[in-house]
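What follows is a set of notes on a single structure, which appears directly below.
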Amino acid sequence: MAKTIKAAIVGTGFIGPAHLEALRRIPNIEVTGLVEVNQEVADAKAAELGIPNAYTFDNMLKDDSIDVVHICTPNFLHFPQAKACMLAGKHVVCEKPLSMTIEEAEELVKVAKETGLINAVHFNLRYYPMVRQMRVMRQKGELGDVYSVMGSYLQDWLIHKTDYSWRLDPKQSGGSRVVADIGSHLLDMTEYVTGLKITAVMADFSIVHPTRLKPLKAVESFSGKALDPKDYEEYEVTSEDYATIMLRFDNGRTGSIVVSQVNAGRKNRLNIEISGSKSNMEFNAEKPNELWIGHRDKANSILMKDPALVDEGARSLVSFPGGHQEGFPDTSKQLFKEVYAAIRDGKQPEAPTFPTFADGLRELIIGEAIVESNTKEAWVKI
């Protein structure tokens, strides 16, 4: 039997338990450690989630039995925690964005290269089977030359003035919110599927609620819970609720994306449409088992997720037969399967199939250019 790889998860907000659930679905991986802000919280959360050991971060680093660490904390902690884990000899899977600044990300890429440890960023949304299918079809020439890209990522969980998350605090999340939080997924997917590089951006931001009401009591993200009026305090918002971004690509073509967290009824709607000289492809994450394929001179079609129908290059991401739906939780599982295969081999692949720290750095470079463009009201080259 293969050796069991032992992992620890740092942070138990929305995404930490999602990592845990995905890891528990992969053979010969055991999550043995849970890290939280202090020992008391760690003990409570570890008991709640059924994880045998609870740690503070520094004590987790001292445990040589832990092979890999999943960093699922607020953005400002990603850099120091990822660096500390690698210097302690542990492989790292980090949430996006990789860090708060380009300089921090560059340092993490350097440390990862020097240590030779496996490093990954959780751009899990490229792991929908039909997204991989789009990439394979493009590689096979079925799309033709890329003419344009249109994308959107829409949510509604910050539509109310009383909606609050640590992501609204620039000290914890950085200078950008909606672009860094969900736009990074869409931008990563755009380059991943098309094979093109974004060379310039033009952005326009909107802050729908310049002043919000911050709860004085804890409220979980995405919970929809409300408090009494006396339980709020006013605070100024400096990060964008909505962004429109025009793109230029290295093949001379253009595209555009819209990202928003204030679109009522859109719970988690990532949509990407790629127009080519031979065909058109559209994927919607709220219908993740379908791929719409458009044609000029024959009938359009919808390809359903089915291991017997998708291309061989996408088949490894399909775990169930056609008609058996796979969705958001499966994307993390499929990403982790590739990451842990590299961990089992003991070295970072020369051409990793999974998103690495270098991909995380790439998204920070694009993201900072987008913020600069909005500030300057001008095109910014990348």
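Where a number appears in this text, it was derived from the coordinates with a stated rule and is not lab data. In this text, all values refer to a predicted model and were calculated from it rather than measured experimentally. Note that each Cβ is placed from the backbone with ideal geometry, even for glycine, and that neighbours are counted across all protein chains shown.
Below are the figures for this structure:
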| item | result |
| --- | --- |
| Cα centroid of the range 272-304 to Cα centroid of the range 108-131, whole Å | 28 |
| Hull shadow area, averaged, the range 106-179 [alpha-carbon convex hull, nm²] | 8.7 |
| In order through the range 120-127: 3J(HN,Hα) via Karplus (6.51 cos²θ - 1.76 cosθ + 1.60), integer Hz, x for Gly, Pro | 8, 10, 7, 7, 6, 6, 6, 9 |
| The range 48-91: C-alpha gyration tensor shape, a/c 1.5 cut-off, then a/b vs b/c | oblate |
| Extended-chain gain in nm, criterion 0.36 nm per residue less alpha-carbon gap, Asn251 and Ile382 | 45.7 nm |
| The range 129-241: Rg to Rh, with Rh as the Kirkwood radius over Cα pairs | 1.11 |
| For the range 112-153, alpha-carbon Rg relative to the globular expectation (2.2 N^0.38 Å, N residues) | 1.65 |
| Computed P(r) (all Cα pairs; the chain; 20 Å bins; percent) | 27, 59, 13, 0 |
| Estimated inter-spin distance, Thr375 and Leu216, nm [label 7 Å along Cα→Cβ] | 3.5 |
| Set of aspartates and glutamates with alpha-carbon distance to Lys333 below 16 Å, sequence-local pairs under 8 removed | Glu21, Glu30, Glu95 |
| Reciprocal of mean inverse Cα separation for the range 1-76 (Kirkwood radius, Å) | 12.3 |
| 5 Å-binned pair-distance histogram of the range 257-382 (Cα, whole percent) | 2, 8, 12, 14, 17, 17, 15, 9, 4, 1, 0 |
| Kirkwood Rh, Cα atoms: Rg over Rh of the range 1-129 | 0.95 |
| Computed lengthening from Ser65 to Lys267, 0.36 nm per intervening residue step minus Cα-Cα distance | 68.8 nm |
| Three-way shape call for the range 53-166 based on the alpha-carbon gyration tensor, with the a/c threshold at 1.5 | oblate |
| At R0 = 25 Å, FRET efficiency that the Cβ-Cβ distance of Lys298 and His324 yields, to 0.05 | 0.30 |
| Alpha-carbon radius of gyration plus Dmax, which is the widest Cα pair, for the range 169-221 in Å | 15.3, 46 |
